[in-house]
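Each remark here refers to the structure printed beneath this line.
The values are calculated or read from the model by the stated rules, or taken from the named source; none is laboratory data. Computed from a predicted model, the values in this text were never measured in an experiment. Here the Cβ is made from the backbone with ideal geometry for all residues, glycine too, and neighbour counts use every protein chain on show. Side chains included, ligands, DNA and RNA excluded: accessible areas come from the protein's heavy atoms. Shrake-Rupley method; radii C 1.70, N 1.55, O 1.52, S 1.80 Å.
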Amino acid sequence: RVLRAEAARHPAFAGSLGHRADPGLTEACRREALAAGLILAPSDYVRDTLLEIGVPADRIALLPFGVDVERFRPAVSPRPTGPLRLLFVGQLSQRKGLTYLLEALRLLPRGLCRATLVGPLAVPRAALAPYADLFEHRAALPYHEVHAVFAAADLFVYPSLHEGSALAIYEALASGLPTVTTHSSGSVLRHGVEGLLVPAGDAAALAAALADLAEAPARRAAMAAAARDRALAHTWMHYRDRLAAILAPRIGTA
């Protein structure tokens, strides 16, 4: 439903949404969710969607994903002065809120940020032409190089419209990056602590949040420290332990 509406709003980017799902498959997934005795939901956003279709709350267990906090770490060297280094990592598609990110960049004062968008392009290149001077695009990097891109940034942005729980945000938090994202990204980020949450599909709100943090270095520094602490509480070891705690009473083991 979200993606169909988005395709109508931004037809030039509609091909990247994957919204033409087989209605029969969608219905089969709905029936499967309603029949399940237990569903592991990686985020409040997923839990909300399950409740919306009628899954009882006591059949849903919240289980956030994890991150490798040894690989993704804050930069050691001091951050250089100059425009704020703004980073997005993921598929450049409308499901990730691409139009709203580009429009937000257009609304920001010139020279405030230097934006880098990293990931494969899922929209026609021509659709990006009106925004070409607002960002640098880097094609998908080998995964063993991605951590260096996070370490070189000042602020992470991920205005997704629909996610389970975006791993890129966990990686940003582990890298000590304050993050601006949406509830729909399925993030463990807490508004005002590790970053800011903005409404999905709202370029003006996104621009305002980015500008607020760009102009508040002390606040960013506090959020950066909180981001790293948040990631340290969401390692894959924590994921294992939380999964065991959820399953143990259901399978009769300690």
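Ligands, DNA and RNA excluded, the heavy atoms of residue 38 present near 50 Å² of accessible surface to a 1.4 Å solvent probe. As I understand it, the dipole of the stretch 1-131 uses +1 on the Cβ of Lys and Arg and -1 on the Cβ of Asp and Glu, about the Cα centre. Which of 72, 60, 42 lies farthest toward its positive end? Ranked along the dipole, the leading option is 72.
One decimal place: the segment residue 71-residue 148 gains 26.8 nm when fully extended, by the rule 0.36 nm per residue minus the C-alpha distance. Placing +1 on each Lys and Arg Cβ and -1 on each Asp and Glu Cβ, with no other charges, gives the stretch 38-142 a dipole about its Cα centre of roughly 460 debye.
Note on the chain: helix-only mean residue ellipticity at 222 nm, from DSSP H runs of 4+ residues weighted -39500 (n - 2.57) and normalised by residue number, equals -12500 deg cm²/dmol.
The angle separating the long axis of helix 236-251 from the principal Cα axis of greatest extent in the chain is about 20 degrees. Residues 181, 26 ordered from highest to lowest accessible area at a 1.4 Å probe: 26, 181. Ligands, DNA and RNA left out, the 1.4 Å accessible surface of the chain is 58% carbon and sulfur atoms.
Each Lys or Arg adds one and each Asp or Glu subtracts one; over the other residues with Cβ under 15 Å from the Cβ of residue 216, this totals -1. Under the convention that each Lys and Arg Cβ holds +1 and each Asp and Glu Cβ holds -1, the size of the dipole of the stretch 1-94 around its Cα centre is about 360 debye.
The Cβ shell under 14 Å around residue 121 holds other residues with a net charge of +3, Lys and Arg each +1, Asp and Glu each -1. When the surface is traced with a 1.4 Å probe over the full set of protein chains, residue 171 keeps roughly 20 Å² accessible. What the chain shows is 48 Å² of accessible area per residue, with the surface traced by a 1.4 Å probe over protein heavy atoms. Among 77, 185, the order of accessible area from largest down is 77, 185, computed with a 1.4 Å probe on protein heavy atoms. With the whole protein complex present, residue 150 retains an accessible surface near 0 Å², based on a 1.4 Å probe. What does the charge count near residue 188 come to, summing +1 for each Lys or Arg and -1 for each Asp or Glu among other residues with Cβ under 14 Å from its Cβ? Net local charge, residue 188 excluded: 0. Heavy-atom accessible area with a 1.4 Å probe sorts 30, 110, largest first, into 110, 30. Judged by the ratio a/c of the largest to the smallest principal axis of the C-alpha gyration tensor, the stretch 46-170 counts as oblate, that ratio being 1.5 or greater while a/b is no larger than b/c. If R0 equals 25 Å, the separation of the Cβ atoms of residue 139 and residue 112 corresponds to a calculated FRET efficiency of about 0.45.
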